[in-house]
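The values are calculated or read from the model by the stated rules, or taken from the named source; none is laboratory data. The model shown is predicted, which means the values in this text are computed figures rather than measured ones. Note: ideal-geometry Cβ built from the backbone for every residue, glycine included; neighbour counts use all protein chains shown. We work out accessible area using only protein heavy atoms, side chains counted, and drop any ligands, DNA or RNA first. Shrake-Rupley method; radii C 1.70, N 1.55, O 1.52, S 1.80 Å.
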Amino acid sequence: MKKSVGVITLGCDKNRVDTERMLYNLGCGGFDITNDYAEAEILIVNTCAFIEAARKEAIDVILAAAQYKAGACEKLVITGCLPQKHADELKDGFPEADAFLGTNDYDKICDVINSLYDAEKAVKEESEAERAKKSPLERIITTPPHYAYLKIADGCDNKCTFCTIPSIRGAYRSRPIDELIAEAKELADTGVKELILVAQDTTRYGIDLYGEYKLTELLRELAKTDICLIRLMYCYPELVTDELINEIVSNSKVAKYIDVPIQHIDDRILKLMNRRSTGEQIKRLFSKLRENHIAVRTTVMVGFPQETEECFENLYEFIREYAPEHVGVFAYSKEDGTPSAKIKGHLSNKTKAERVDAIGKLHLMNREAHNRAAVGKTFKVIYEDVDYDKNMFAGRTEYDAPDIDTKVYFTSDFADVGEYYDIRITAGDGYDLLGEKV
Ligand code: SF4
């Protein structure tokens, strides 16, 4: 009899793509996929272990998932970054879990589950030919049908001193262009309109495989497919070149949007973080992006060791002056094994929390100013969802990524999910916008 499997995915969109590939392999392996965790006979938690908060969330979710073993759940499997980094501690701490699988072993998921059932195998594996017939995509897309993530590389070579990712995910590995184009075409065939390019660092794309950076070429090639919009996430500031900016501006299929996590602006902190850009270079880049009307998302980290009041003020002033459209802020987390853990001068949790709060409030003020400037303008908005509390349709513009950026709530007599509508903005609503269909 086929066993049913549910997968809970945590962390970033790169982890989501790993989950989607795992779901595909499980489907090919003959398992039934279910969204109903209470009914799943096998429950998988695909974890993130980037920082302490992510690990804490993962542990809470594993504990909650273990409760299902009192019901239908026969096997609990933990996958992803957490077992990749902390396998031994996990084995001791979670006797309820039946197997652990690191980030390099996602493809072994069916074998691992089958081995848990000994002679009475959970399923019969399908042949390669049967597998190929099912879907050439090798992923089960978990996002709404009109958009999907395209993971163009895995791993990272950047060695930021606070980050555990290189030790978890290994060296940077680009996927070949032809493989990515084939995947984009298949996604377009299934109705995907927007492709969101992700990697730990998308700007480094190609260097390991072709000996040169190839992100701009990749954008040009992707634009030849039936995909309508291509969005760039996780760009390293130093590698956002004029050529790349020109491509964003001139290529009608590339969203006028870029995600450039800067982490900080103060030169001393940037150096301690082992970031390669200086504050001045980042400022020049952000001015250029503004001149070219490209919406910017960035992420900053506060409370890094030795971040004085003055260093923090420099960051605060930068966010005030440059007012990126979208800002994510998180507190430094001391991670074992990272060079920054050994730097003297760690800050208290209270100071870190106050600084997160200050940047968060500043960004909200900036966002409200952006929203006021949008009132009266008309934007193309892709409709994605209904908000039953507001009793309005919800979507987003080209200048906003799903889940993390500004939403546009609008009134209309009807809307089809995944279709674009002209929406006139009538008011701001915190981080979001309100409008009406024109
Ligand atoms: S660029 Fe830096 S922060 Fe991002 S994954 Fe690589 S090492 Fe970590």
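The figures follow:
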| read-out | value |
| --- | --- |
| Loop-located chymotrypsin sites (Phe, Trp or Tyr not before Pro) in segment 302-401 whose Cβ has at most 16 other Cβ within 10 Å (DSSP) | Y388 |
| Alpha-carbon Debye profile of segment 331-426, log10 I(q)/I(0) at 0.24 Å⁻¹ | -1.25 |
| Spin-label pair I343/Y210, simplified geometry with 7 Å Cα→Cβ offset, distance in nm | 3.5 nm |
| Charge dipole (debye, nearest 20) of segment 288-438; +1 at Cβ of Lys and Arg, -1 at Cβ of Asp and Glu | 480 debye |
| Relative contact order for the chain, counting Cα pairs under 8 Å that sit 6 or more residues apart, in percent | 10 percent |
| Lys/Arg +1, Asp/Glu -1 at C-beta; segment 260-326 dipole; positive extreme among V300, N274, I319 | N274 |
| Charge dipole of the chain about the Cα centre (unit charges at C-beta), most positive-ward option of M365, Y399, Y420 | M365 |
| Within segment 282-362: Cβ-based charge dipole about Cα centre, in debye rounded to nearest 20 (Lys, Arg +1; Asp, Glu -1) | 180 debye |
| Accessible carbon and sulfur surface of segment 138-227 relative to its total accessible area, %, 1.4 Å | 51 percent |
| Descending Cα extents along the principal axes, segment 167-238, whole Å | 36, 23, 20 |
| Rough spin-label spacing in nm, given labels placed 7 Å along Cα→Cβ, for K91 and K271 | 4.4 nm |
| Accessible area in the full protein assembly, largest first, 1.4 Å probe, for R372, R320 | R372, R320 |
| Karplus 3J(HN,Hα) series, Hz, for segment 39-55 with 6.51 cos²θ - 1.76 cosθ + 1.60 (x for Gly, Pro) | 8, 5, 7, 10, 10, 10, 10, 8, 9, 10, 9, 4, 9, 4, 4, 5, 5 |
| By average C-beta atoms within 10 angstrom, highest first, the peptides 17-24, 84-91 | 17-24, 84-91 |
| Assigned charges on the beta-carbon of Lys, Arg, Asp, Glu; the chain dipole about Cα centre (debye) | 900 debye |
| Residues of type aspartates and glutamates that K214 reaches as a straight line, Cα spacing below 18 Å, ignoring anything fewer than 8 places off in the same chain | D154, D157, D178, E179, E183, D201, E238, D242, E243, E247, D259 |
| Whole-number accessible area per residue in Å² for the chain, which is evaluated in the context of all protein chains at 1.4 Å | 44 Å² |
| T411-E310 pseudo-label distance in nm [points 7 Å out on the Cα-to-Cβ vector] | 5.5 nm |
